[in-house]
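Here is the structure we will look at.
The values are calculated or read from the model by the stated rules, or taken from the named source; none is laboratory data. Bear in mind that the values here come from a model prediction, so they are computed numbers and not experimental data. Positions of Cβ are generated from backbone atoms using ideal geometry, with glycine treated the same way; all protein chains shown enter the neighbour counts.
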Amino acid sequence: MTRLWNEPADFADEMIDGFVAANGRYVRRVPGGVVRSTTSPAGQVAVVIGGGSGHYPAFGGLVGPGLAHGAAMGNLFASPSTQQVHAVAKAADNGGGVFFTYGNYAGDVLNFDAAEERLRAEGVACETVTVTDDIFSATADEKHKRRGIAGDLTVFRIAGAAAAAGADLAEVTRLAQHANERTRSFGVAFTGCTLPGADHPLFTVPEGRMAIGLGIHGEPGIDETGIPTADGLAELLVEKLLAEVPEGVDAVRGARVVPLLNGLGSLKYEEMFVVYRRIAQLLTDAGIEIVDPHVGEYCTSFDMAGTSLTLFWLDDALASLWESPVDTPAYRRGSVAPQERSDTAAAADVADVIEPGDEASRAVAATVLAAVRTIAETVDAHVDELGRLDAIAGDGDHGIGMQRGSHAALAAAETVVAAGAGARTTLTRAADAWADKAGGTSGALWGVILHAIAAKLGDEGRPEASAVAAGVAAGSRGVTDYGKAEVGDKTLVDALVPFTSTLTQAVDAGASLTDAWRSAADAATRAAAATADLLPRMGRARTHGQNSVGTPDPGAVSLALIVTAIGETLATGAADTAAAETSTKENAHGTA
């Protein structure tokens with residue numbers, strides 16, 4: 001388990017600060033992560049990698065000459081936010097375009113894609129290759145759905161080598177795609193991992209058993225078996241990977257392969273060397289030429305006890321790039337020429353000016369603040385249950401992520417309301433803070449929802465119920481457009497869509513916002529419960545399919561809990577307003 005932390009919510013930021021303090025010759029801190037502290041040639045493609053923290057040396061430990069130019073570093077096991085990715089990419093850009101590469105996870109895809117759109121709108125050329133090396137996370141005919149695990153390193157290294165060699169953005173992208181197509185990985189675990197402050201691991205493996213095909217975010221294995229001998233494990237790993245040799249590779253005619261035996265956090269190097277001894281024998285006996293074998297920690301999962309094997313199948317072009325020198329905090333190969341230190345400092349924070357709303361909008365902003373506070377309190381009350389639901393077929397951090405996001409939103413809303421902000425500004429700032437601090441899929445989607453509602457509130461006057469309903473509908477459309485999930489995929493969309501349609505119908509029929517909201521919350525609650533019968537078709541839970549049947553989707557459940565609680569907040573606010581208006585009228589009558 002993890003033993004050392006201060007405040008669990010601050011762990012990732014404090015970890016990054018300490019990492020930079022220890023590795024100033026390689027990296028400097030920027031908002032959202034790190035970039036090289038050394039100069040890069042003007043016009044060189046900037047390779048930007050990233051993902052959640054908790055996987056060291058991925059991702060910050062791989063920034064340096066010959067490899068990445070920057071790493072966007074999200075919270076623990078949560079993708080970096082759009083703002084973080086954008087900030088790191090802007091800091092890393094050398095004028096030759098930005099190449100993004102990262103593991104194929106829903107939250108990462110959402111946030112990196114959104115950052116890419118922003119950069120392109122600003123005139124920065126961008127391309128992306130997601131890493132899909134894990135053979136157990138999808139079948140070969142759907143390998144585009146596979147997740148990225150330790151095979152990240154091979155794709156990152158080829159992209160970095162190509163950029164260092166002067167390749168343009170299109171060529172870096174082509175070579176990285178080629179490297180991804182020739183990378184296959186497969187992992188096992190003997191224990192789960194425990195995040196700072198958590199009472200138990202994200203998943204458990206029975207004593208004497210081994211999880212097969214697990215993820216690197218605490219996702220449980222797809223299968224389970226007894227723990228074999230070291231040789232037995234080597235034989236399992238090699239057998240599974242040789243059963244899926246990439247297209248264009250003839251494994252029986254002297255193919256060349258880089259084997260990478262990766263420790264997931266707690267497995268000792270000595271144990272891995274015993275396993276690798278047999279791996280090397282098996283590959284040699286199969287007539288395969290071993291090139292530059294790697295045994296160590298390259299992509300961990302906090303304190304998980306486990307290992308994965310990656311086979312990277314070389315051709316002449318990939319073999320040449322693989323020999324390029326690399327010098328990063330955690331990964332070094334060959335000899336890199338001395339580097340000139342960059343004198344670029346992180347951009348100073350710009351003074352935050354809040355345009356005040358009018359009197360009516362400031363009153364609505366107070367209601368918005370009360371609603372955001374209700375969200376944070378609701379998440380706090382259910383954080384353990386949301387984590388438990390998520391652990392059944394996901395990685396168990398949904399409650400933690402929602403807690404980080406909602407509390408960041410509350411702090412932002414409190415700050416701007418105190419400065420006299422109107423309703424739109426209040427909710428917009430809350431949305432930005434939520435998306436930025438929560439990261440991951442839920443952070444991005446809640447940011448979309450709150451932004452859409454904020455746009456309809458305005459900073460002047462009091463919005464009609466129809467405007468609020470229109471904002472919710474816009475948020476629902478934004479979520480489905482952005483996240484690509486549909487009703488029936490077992491996501492928060494299954495609760496959001498019925499909530500939206502019921503709210504709109506009730507408001508259109510003349511109901512008050514409070515009554516319409518309560519009816520819509522009831523619909524969302526019923527829909528969230530009904531997700532228990534569904535098979536997941538999106539997100540990390542998709543890999544574990546049948547495991548989640550009988551359990552409702554945590555994203556749908558959290559949305560239903562939140563809108564139900566907000567309904568009570570709206571009702572209280574409406575009652576207070578009515579009482580105040582009655583008192584005013586009575587006082588006026590008495591005066592008359």
Among the residues of the stretch 452-481, what is the count of those that are within 16 Å of I562 (Cβ to Cβ) and not aliphatic (A, V, I, L, M)?
3
So V172 fits all but one of (1) assigned to a loop (DSSP other than H, G, I, E, B); (2) under 30 Å from W322 (Cα atoms); (3) not acidic (D, E); what number is the exception?
(1)
Residue under evaluation E359, criteria (1) surrounded by fewer than 22 Cβ atoms within 10 Å (Cβ to Cβ); (2) in contact (Cβ under 8 Å) with a residue 40 or more places away in the chain; (3) out of contact with any helix residue (DSSP H, G or I) (no Cβ under 8 Å at 6 or more places or on another chain), criterion not met
(2)
Here the residues within the stretch 286-333 that are of a type in the set (A, V, I, L, M) and crowded, with 18+ Cβ neighbours inside 10 Å are I288, V295, M304, A305, L309, L311, L314, L318, L321, V326, A330
Qualifying positions in the stretch 10-25 - small (G, A, S) and either modelled with pLDDT of 95 or more or in the same structural domain as K437 (by TED's automatic domain parsing) (or both)
G18, A21, A22, G24
Of the residues in the stretch 46-77, how many are in a loop (DSSP other than H, G, I, E, B) and either hydroxyl-bearing (S, T, Y) or more than 23 Å from D303 (Cβ to Cβ) (or both)?
6
State yes or no: is A393 of a type in the set (A, V, I, L, M, F, W, C) and modelled with pLDDT of 95 or more?
no
Matching entry among A21, A87 (being farther than 30 Å from L267 by Cα, free of Cβ contacts under 8 Å to residues at least 60 places away in the same chain and surrounded by fewer than 24 Cβ atoms within 10 Å (Cβ to Cβ)):
A87
Among the residues listed as A89, A68, A46, A9, the single one being under 22 Å from the mean Cα position of the chain (by Cα) and either within 30 Å of D199 (Cα to Cα) or among the aromatic types (F, W, Y) (or both)
A9
Within the stretch 285-305, can you find the residues that are of a type in the set (S, T, Y) and at pLDDT 95 or above?
Y298, T300
Hits in the stretch 415-470 (condition: more than 29 Å from the chain's Cα centre (by Cα) and without any contact (Cβ under 8 Å) to a residue 40 or more places away in the chain)
A418, E464, A467
Looking at the stretch 197-238, which of the residues that are among the charged types (D, E, K, R) and under 30 Å from the mean Cα position of the chain (by Cα) is modelled with the highest pLDDT?
R209
Go through the residues of the stretch 102-121 one by one and say whether even a single one is more than 21 Å from the chain's Cα centre (by Cα) and either assigned to a helix (DSSP H, G or I) or of a type in the set (V, I, T) (or both).
yes
Among the residues of the stretch 220-239, write down those that are part of a loop (DSSP other than H, G, I, E, B) and either surrounded by fewer than 20 Cβ atoms within 10 Å (Cβ to Cβ) or in contact with a helix residue (DSSP H, G or I) (Cβ under 8 Å, 6 or more places away or on another chain) (or both).
P220, I222, I227, P228, T229
What pairs can you find where one residue is in the stretch 256-279 and within 24 Å of D316 (Cα to Cα), the other is basic (K, R), and their Cβ atoms are less than 6 Å apart, with a gap of 6+ or different chains?
none
Step by step: first the residues of the stretch 99-141, then only those that are among the aliphatic types (A, V, I, L, M) and more than 24 Å from G443 (Cα to Cα), then the one that is surrounded by the fewest Cβ atoms within 10 Å (Cβ to Cβ). Which residue is that?
A140
Go through L503, L492 for me and flag whichever is of a type in the set (A, V, I, L, M) and in contact (Cβ under 8 Å) with a residue 60 or more places away in the chain.
L492
